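Only one structure is covered here, and it is reproduced in the block below.
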Amino acid sequence: MANADSVVTIHMAASLDGFIARRDGRVDWLETSDEFAGGETMNPAFVEAFLKTIDCYVMGSRTYETALGFEAKGFGWSYGDKPTFVLTSRKLPRIRETVEFYSGDLAQFVNGRLRPKFRSIWFVGGGAVAAECLRLELADEVRYSILPVLIGDGIQFFEKLDRDVTLHLAEVKAYKNGMVELRYEVRKHRDESR
Ligand SMILES: NC(=O)c1ccc[n+]([C@@H]2O[C@H](COP(=O)([O-])OP(=O)(O)OC[C@H]3O[C@@H](n4cnc5c(N)ncnc54)[C@H](OP(=O)(O)O)[C@@H]3O)[C@@H](O)[C@H]2O)c1
């Protein structure tokens with residue numbers, strides 16, 4: 001049975017034109033040099049405390065391969081000691097104890113295995129997995145961090161959605177570095193009369 005308290009979040013950072021990576025997978029544009037005087041300052045202590053509230057991460061294999069590349073270059077592992085589930089049908093290197101691979105029915109995995117065990121479940125990309133999560137109506141909220149840059153082409157935040165997904169804007173924050181963070185709640189079909 002699904003845990004009624006569990007929340008499935010999709011989170012990614014994207015350019016204003018909706019791309020999460022260049023076509024070749026590069027995310028160099030995530031470093032921007034904007035200044036927005038009226039914005040909030042990122043408080044490292046707040047970020048650290050917030051990350052502690054996330055119980056597990058889920059990602060696609062291509063995002064995992066990017067994370068492997070970052071780690072190999074000495075940039076570290078972004079997912080701390082939290083369980084990290086990688087969706088793949090391939091045999092990939094398992095670089096730490098917290099990483100587990102999954103292949104199969106995603107809805108059954110999320111509702112049958114993750115929701116009963118974890119409260120805050122974060123899908124951290126990429127576009128293929130984010131779209132699949134929405135298509136299967138598994139996501140409760142979408143957190144979209146928009147960076148002050150247009151990159152013209154790349155991998156879309158939500159790849160090939162086959163229908164509209166209606167949302168409720170729940171939170172907006174703007175930061176000193178020009179990033180805007182949007183939090184939307186996904187309006188499930190049963191809620192659409194609201
Ligand atoms: N800007 C950001 O915040 C952000 C965040 C995350 C990622 N990214 C970027 O996005 C790019 C990757 O995104 P992407 O859309 O190309 O790929 P992705 O979503 O990371 O991975 C897609 C792959 O995951 C596997 N997969 C998907 N659903 C599955 C399921 N239900 N069961 C088993 N396996 C499943 C398949 O690979 P197999 O062939 O292995 O089965 C599929 O090809 C990278 O360049 C990364 O850097 C950016």
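What follows is calculated from the coordinates using simple rules that are stated; it is not laboratory data. Since the model is a prediction, treat every value here as computed from it, not as a measurement. Using ideal geometry, Cβ is built from the backbone for each residue, glycine included, and neighbour counts are taken over all protein chains shown.
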(message) Only sites in a loop by DSSP and with at most 13 other Cβ atoms within 10 Å count here; which GluC sites (Glu not before Pro) in region 20-110 make the cut?
(response) GLU31, GLU35, GLU97
(message) I want to verify a result. In a Gaussian network model of the chain, Cα cutoff 10 Å, which of these has the top mean-square fluctuation: ASN43, ASN111, ASN177?
(response) ASN43
(request) Pairs of Cα atoms under 8 Å, at least six residues apart: use those to get the relative contact order of the chain, whole percent. (result) 37
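Below 8 Å between Cα atoms, with a sequence gap of 6+, how large is the relative contact order for region 109-187 in percent?
Across region 109-187, relative contact order equals 32 percent.
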(message) What does the net charge come to around ASP55 if you take all other residues with beta carbon closer than 10 Å to its beta carbon, with K and R at +1 and D and E at -1?
(response) +4
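Compute, for region 1-127, the length of the dipole vector about the Cα centre, with Cβ point charges of +1 (Lys, Arg) and -1 (Asp, Glu) only. Units Debye, rounded to 20.
Result for region 1-127 is approximately 680 debye, rounded to the nearest 20.
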(request) Take the Cα atoms of region 107-194, build their convex hull, and give its volume per residue in Å³. (result) 126
(message) Report the Cα-based extents of the chain along its three principal axes, largest first, to the nearest Å.
(response) 48, 47, 35
(request) Pick out which of GLY154, GLY126, GLY60 has the largest mean-square fluctuation in a Gaussian network model of the chain, springs linking Cα atoms closer than 10 Å. (result) GLY154
(request) Write out the GluC sites (Glu not before Pro) in region 103-194 meeting two conditions: DSSP loop, and at most 10 other Cβ atoms within 10 Å of their Cβ. (result) GLU192
(request) For GLU40, enumerate residues with amide H under 5 Å from its amide H, sequence gap 5+ or separate chain, H modeled in the peptide plane. (result) ALA174, TYR175, LYS176
(request) Would you please calculate the Kirkwood hydrodynamic radius of region 1-81 over all C-alpha pairs and express it in Å, rounded to one decimal? (result) 15.7
(request) Would you tally the net charge around CYS133, using a Cβ to Cβ cut-off of less than 12 Å, leaving CYS133 out, and scoring K and R as +1, D and E as -1? (result) -4
(request) Rounded to the nearest 0.05, what FRET efficiency do PHE75 and ARG143 give with R0 = 25 Å and r taken as the Cβ-Cβ distance? Could you check? (result) 0.70
(message) Only sites in a loop by DSSP and with at most 16 other Cβ atoms within 10 Å count here; which chymotrypsin sites (Phe, Trp or Tyr not before Pro) in region 37-123 make the cut?
(response) PHE75, TRP77
(request) Of the options LEU114, ALA131, PHE157, report the single residue whose Cα projects farthest towards the positive end of the charge dipole of region 109-171 (beta-carbon charges: Lys, Arg +1; Asp, Glu -1). (result) LEU114
(message) Just want to confirm a number: the relative contact order over region 1-116, from Cα pairs under 8 angstrom separated by 6+ residues, in percent.
(response) 29
